[in-house]
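These notes concern the structure reproduced below.
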Amino acid sequence: MKGISTILVTALTAILLMPFNIKAQTGRSDGSRFGHGEDSIRCLRNNSLYRENIRNNDIITAYGYWVPVFDECPQVSKNLYLDGAKIYRYFLDNETNPKRYAELSDTLMLIYDQRIEYFGEKGKVRGFQGADLLKYRRNDGIEFVQQGYNYLKESLELKEDDASRAVLPTLLSASITLYKDGKLSAKQTIEDYIQVSEIIDKMIMEKPGDEKLAELKSSLDNNFVSEGPGDCDALIEYFTGEHQSKKNDAAFLTMLTNLLSARKCTDADLYFVSIKDLFKLAPSSESAVNIALYARDKWHNEEAIAYFKQALEMETDENKKADYHLGMAISYQRLENKPAAREAALKAAAARPGFGEPYILIGQLYADSKNECAGEKLPNAIFWVAVDMFIKAKTIDATLEERANKLIATYSPYYPDKEKAFFENILEGSTYTIGCWINETTRVRF
């Protein structure tokens, strides 16, 4: 137990002759706040005493006076239920006995039900009730998650325009849990996300400078992206219609592109259309790169290069620029524009010291140029400069050693023959220049 021990609470309860697990309100409900005659005097006295102890944060003593008020004059004040919830949350936070814990939780739910019966505000109260049920019983069985979810849904339906901020992430979390357990369809969980997201968006529009709302929105999006339904077909089927009505909503498009990317649904046309729509509304290096990568995957290399260039114009981070230059180099390689590919790869290497990947690509460009750049004297001399690049790659980036060694082992057996080189007056260890577009000088080896 964190605070008061179970033994102490049990002893005090026995002294006060009041059970924790009140089963139902059995007192007067004739419409009067305090009852009549002596009942009224007793109710007023107990109400005053429990309230005084609550103000002093003496929960144990307050409880003894609170129970008869709850039982005998349930319409005395809404504070009776606010304080009752506070008392039972305190006991729950300090209880370790599973049976008593369940009884305390049941009574807390009863307090909320009775508050609704006498003081209304059903939408508001269901929100508190669902949040507390999930807080205290989420791990006790999926049925409690389902009931908590039902309370929160009811709260949202009754108070959508004035929903509690606390209800929104709790509802989404419960919805995702039920989806994972097979109790909700992917479609329902997606709809729950859309519902809470739209409510948050309205709140942000009304209070654009509220940083906590922005953080809540981001948290909701991240939770749905990382934990929500992962079936591409279900996501695409649902969000295709949503996209049509929200293709000018940058926040929605950001969520959608992140979601489809996280779910590996980037082959879908919806993803490509969405990232291009997002780029039009909110141009950024990140969205430009997403378009470039998608276009490259589809072998639309000219389009990929155009977007890589736009990403580079907007990016200030040199590390990211290195990746963008290398991405562009790969697209040039696929277009068989080897000089442009090398130029982009060298820019990638310059942007990030110790970046060996660009030299791997340059080495492959050289090796692939044998037919067009091989000289008449020693056609296979081109493999010298290719291997030079592989050696450089592993020298500056140790993580590439295994890969570079495999490439070296692949191409070094094709080095020129020593005897043929001798007749050409080319000696081992001397320098040799490969012309063509490569124009590199290397060391002779056999």
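Structural remarks
- When residues of the stretch 62-102 are limited to those that are among the polar types (S, T, N, Q) and more than 14 Å from residue 52 (Cα to Cα), the one surrounded by the fewest Cβ atoms within 10 Å (Cβ to Cβ): 96
- Residues in the stretch 205-254 that are of a type in the set (A, V, I, L, M) and either within 15 Å of residue 191 (Cα to Cα) or more than 20 Å from the chain's Cα centre (by Cα) (or both): 205, 220, 225, 234, 235, 236.
- Residue in the stretch 309-316 that is acidic (Asp, Glu), over 26 Å from residue 179 (Cα atoms) and not in a helix (DSSP H, G or I) present: yes
- Filtered by the rule that a residue be buried (at least 19 other Cβ atoms within 10 Å of the Cβ), touching a Ser or Thr at 6+ places or on another chain (Cβ under 9 Å), touching a residue at least 40 places away in the same chain (Cβ under 8 Å) and in a helix (DSSP H, G or I), the stretch 203-231 gives 220, 224.
- Filter pass, residue 111 being farther than 27 Å from residue 156 by Cβ, modelled with pLDDT of 90 or more and in a helix (DSSP H, G or I): no
- Leading residue by the ranking (farthest from residue 361 (Cα to Cα)) among those in the stretch 417-444 that are surrounded by 17 or more Cβ atoms within 10 Å (Cβ to Cβ) and touching an Asp or Glu at 6+ places or on another chain (Cβ under 9 Å): 421
- Each residue in the stretch 420-446 was checked for being modelled with pLDDT under 75, farther than 21 Å from residue 369 by Cβ and not aliphatic (A, V, I, L, M), and 4 of them qualify.
- Residue match in the stretch 101-118 (condition: among the small types (Gly, Ala, Ser) and under 37 Å from the mean Cα position of the chain (by Cα)): yes
- Wholly enclosed helices (runs of 4 or more DSSP H) of the stretch 1-85 bearing at least 1 residues within 15 Å of residue 107 (Cβ to Cβ), modelled with pLDDT of 55 or more and not small (Gly, Ala, Ser): 59-72
- Filter pass, residue 96 being polar (S, T, N, Q) and under 16 Å from residue 135 (Cβ atoms): no
- Residue check, residue 138 at pLDDT 90 or above and at negative phi: no
- Test for residue 197: is it within 19 Å of the chain's Cα centre (by Cα) and crowded, with 17+ Cβ neighbours inside 10 Å: yes
Listed here are the residues, each with its yes/no results for (1) assigned to a helix (DSSP H, G or I); (2) free of Cβ contacts under 8 Å to residues at least 40 places away in the same chain; (3) under 21 Å from residue 83 (Cα atoms); (4) in contact with a Pro (Cβ under 8 Å, 6 or more places away or on another chain).
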position: 127; (1), (2), (3), (4): yes, no, yes, no
position: 137; (1), (2), (3), (4): yes, yes, yes, no
position: 149; (1), (2), (3), (4): yes, yes, no, no
position: 159; (1), (2), (3), (4): yes, yes, no, no
position: 169; (1), (2), (3), (4): yes, no, no, no
position: 173; (1), (2), (3), (4): yes, no, no, no
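- Any hit, the stretch 258-269, residues being among the hydroxyl-bearing types (Ser, Thr, Tyr) and farther than 21 Å from residue 196 by Cβ: yes
- Unique residue being surrounded by 15 or more Cβ atoms within 10 Å (Cβ to Cβ), part of a helix (DSSP H, G or I) and polar (S, T, N, Q) when the list is 371, 380, 405: 380
- The lone exception for residue 266 - which of (1) part of a helix (DSSP H, G or I); (2) in contact with a helix residue (DSSP H, G or I) (Cβ under 7 Å, 6 or more places away or on another chain); (3) surrounded by fewer than 19 Cβ atoms within 10 Å (Cβ to Cβ) it fails: (1)
- Condition broken by residue 189, with the remaining ones in (1) in a helix (DSSP H, G or I); (2) over 20 Å from residue 153 (Cβ atoms); (3) modelled with pLDDT of 85 or more satisfied: (2)
- Among residues of the stretch 323-343 that are more than 11 Å from residue 304 (Cα to Cα) and touching a residue at least 24 places away in the same chain (Cβ under 8 Å), those with a beta-carbon under 7 Å from a residue that is outside any helix (DSSP H, G or I) and of a type in the set (S, T, N, Q) at least six positions away or on a different chain give the pairs 338/369.
- Per the listing 277, 249, the residue uniquely more than 28 Å from residue 361 (Cα to Cα), of a type in the set (D, E, K, R) and touching a Lys or Arg at 6+ places or on another chain (Cβ under 8 Å) is 277.
- Of all residues in the stretch 289-306 being touching a helix residue (DSSP H, G or I) at 6+ places or on another chain (Cβ under 6 Å) and within 23 Å of residue 232 (Cα to Cα), the one that is surrounded by the most Cβ atoms within 10 Å (Cβ to Cβ): 292
- The set of residues from the stretch 303-319 being among the β-branched types (Val, Ile, Thr) and either in contact with a Lys or Arg (Cβ under 6 Å, 6 or more places away or on another chain) or touching a residue at least 12 places away in the same chain (Cβ under 8 Å) (or both) comprises just one member, 305.
The values are calculated or read from the model by the stated rules, or taken from the named source; none is laboratory data. Because the structure is predicted, anything quoted here is derived from the model rather than measured. All Cβ positions, glycine included, derive from the backbone under ideal geometry; neighbour counts span all protein chains shown.
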